[in-house]
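Each remark here refers to the structure printed beneath this line.
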Amino acid sequence: MKKRGLTDSFNYAIQGLKYALKTQRNMRIHLAIGSAVIILGLIVGLSTIEFILLLSAVTLVIVAEMFNTALELAVDMFTKEFHHMAKLAKDIAAGCVFVTAVYAVIVGYLVFFRTVKIIDLSESISRIRRSPWHTTFIALVAVFSLVIIIKILLRKGTPLRGGWPSGHSALAFSVFTVITLLSNNLIVATLAFLMAMMLAISRVRKGFHTGWEAIAGSAIGILVTLLIFQVLYRG
């Protein structure tokens, strides 16, 4: 048997993660919720210990879901017919995911509702509006770089066209988020949103991206921009 190199090992691991994300709805849900919680933790400024606990809980749920998927595939490889032992194996694996999810909820509750002060949203928005111009530039560069990295890892499309996620949608909604944060005008923010939406729809209609790729890019653009403004400028 051919000996696998380090690069091959990484590629196989990425392929496994990619398969789980593409085929398992629960995996996508866990990843989306976990990412949102981690970003929220960065925004509210959790302590190092609190953030490690939060990150560990999210990671544990995702790992448990991947093991559950792997076990289901292994069982299905040996039998496609109903067998009570196969059912028990799958049920136990699903139970592991449930236990880790409950643990993650408890950790999230203790971290956010017991240790985090109530956020003054108006003060936070006011602080963001006083941020220097280069924060916007950093946010756009971060969004663009993240999109390129994801496309390279997933090997979908080219860095500047096609694939998951949509880079045009990510940048468009990043600009929309910047305009919304820095302006104090609902009409301007609405126009920026409509322009971003039109660009994302045009990418789908032209066949460069699927609807989910455009949605993923839009979410990345918004979340990364919010994160950059909160983390890089706090005073």
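Working note: Karplus 6.51/-1.76/1.60 with θ = phi - 60° gives segment 193-210 the couplings 5, 5, 5, 5, 5, 4, 5, 4, 5, 5, 5, 6, 5, 7, x, 6, 9, 8 Hz, where Gly and Pro are set to x. Placing a label point 7 Å from the Cα of SER183 along the Cα-to-Cβ direction, the residues of segment 196-230 whose backbone N falls under 14 Å of that point are 196-197. Net charge in the neighbourhood of CYS96 (other residues with Cβ under 14 Å of its Cβ; Lys, Arg +1, Asp, Glu -1) is -2. Spin-label pair ALA13-THR210: with each label point 7 Å from Cα along the Cα-Cβ axis, the two points sit 2.6 nm from one another.
Computed from the coordinates by the stated procedures, all read-outs in this text should not be read as laboratory data. Treat the numbers as computed from the prediction; the structure is a model and nothing was measured. Glycine also receives a Cβ, built like all others from the backbone with ideal geometry; neighbour counts cover every protein chain displayed.
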